[in-house]
1. Assuming residue 28 fulfils every condition listed in (1) surrounded by fewer than 17 Cβ atoms within 10 Å (Cβ to Cβ); (2) outside any loop (DSSP other than H, G, I, E, B); (3) without any contact (Cβ under 8 Å) to a residue 40 or more places away in the chain apart from one, which condition is it?
2. Among residues belonging to the stretch 157-178 that are assigned to a helix (DSSP H, G or I) and out of contact with any helix residue (DSSP H, G or I) (no Cβ under 7 Å at 6 or more places or on another chain), point out the one that is modelled with the lowest pLDDT.
3. Quick check: anything in the stretch 106-126 assigned to a loop (DSSP other than H, G, I, E, B), touching a residue at least 12 places away in the same chain (Cβ under 8 Å) and surrounded by 19 or more Cβ atoms within 10 Å (Cβ to Cβ)?
4. Give just the number: which of (1) at positive phi; (2) assigned to a helix (DSSP H, G or I) does residue 57 not satisfy?
5. What number of residues within the stretch 1-15 satisfy the criterion of being out of contact with any helix residue (DSSP H, G or I) (no Cβ under 8 Å at 6 or more places or on another chain) and within 18 Å of residue 120 (Cβ to Cβ)?
6. Just to be sure I understand, how many residues within the stretch 26-72 are within 23 Å of residue 155 (Cβ to Cβ) and out of contact with any strand residue (DSSP E or B) (no Cβ under 9 Å at 6 or more places or on another chain)?
7. Filter the stretch 68-92 for residues that are part of a helix (DSSP H, G or I), closer than 20 Å to residue 114 by Cα and touching a residue at least 24 places away in the same chain (Cβ under 8 Å) and give the result.
8. Is it fair to say residue 21 is modelled with pLDDT of 95 or more and either more than 23 Å from residue 159 (Cα to Cα) or outside the structural domain of residue 194 (by TED's automatic domain parsing) (or both)?
């Protein structure tokens, strides 16, 4: 059952959307400002975020940028601003869709279903790629890795590294091929993802040395044996 985060500072809007989505079979959690939304995302796995633009503490644009840095959760942005510049700002901040208020509930539900369907197809492709590229000792652990609570970005990274066992992959390559952006000075986003992957692998019984750091270069998937 997909879980959706609603981030909107209007309690009545949250209540309305929650009621509609629950009736459609979704699990729903609400947040009322950008900071609450980020906290919820850090503590719970979500399949999609409905993100209002005008919120206190962190507005929707600021929150979307941070969500894209830390998570791979798709975003449907909701806003009363209907001009082209506002929509461009929303998409540049990381929104997958931009929905202008007032909107129809059927249109919202269609966007949600289409977005979740696209994400599910992407995950299937990643799973297929994973199965095709691994054999021997690692193949026995494919299901284990898939069951770990990785975000999609983390799964993409561990898949890319594990597809090239014993090979040092540069940070620049990982940024470009997996995170889809250039490596910038002082950007610790990739390192944070690797740290989270190591922690989750360790919690599942994998050696801490599964992903090794090649200092000044990048990372290496060095072990395939879970303990």
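The values are calculated or read from the model by the stated rules, or taken from the named source; none is laboratory data. In this text the structure is predicted, and so the values were computed from the model without any measurement. No Cβ is skipped: glycine too gets one built from the backbone with ideal geometry, and neighbour counts run over all protein chains shown.
1. Single failed check for residue 28: (1).
2. Let us first name the residues in the stretch 157-178 that are assigned to a helix (DSSP H, G or I), namely 157-162, 171-177.
From the residues that got through so far, the ones that are out of contact with any helix residue (DSSP H, G or I) (no Cβ under 7 Å at 6 or more places or on another chain) too are 161, 172-173, 176.
On the way: 161: 87, 172: 89, 173: 90, 176: 83.
The selected residue is 176.
3. Step one: of the stretch 106-126, the residues assigned to a loop (DSSP other than H, G, I, E, B) are none.
So far as the stretch 106-126 goes, no, none of its residues is assigned to a loop (DSSP other than H, G, I, E, B), touching a residue at least 12 places away in the same chain (Cβ under 8 Å) and surrounded by 19 or more Cβ atoms within 10 Å (Cβ to Cβ).
4. With respect to (1) at positive phi; (2) assigned to a helix (DSSP H, G or I), residue 57 is out only on (2).
5. Initially, the stretch 1-15 is screened for residues out of contact with any helix residue (DSSP H, G or I) (no Cβ under 8 Å at 6 or more places or on another chain), giving 1, 3, 9-15.
Checking which are within 18 Å of residue 120 (Cβ to Cβ) leaves us with 1, 3.
The total comes to 2.
6. Of the residues in that region, 7 qualify.
7. 68, 90
8. Values: modelled with pLDDT of 95 or more: yes; either more than 23 Å from residue 159 (Cα to Cα) or outside the structural domain of residue 194 (by TED's automatic domain parsing) (or both): yes.
So residue 21 fits the description; yes.
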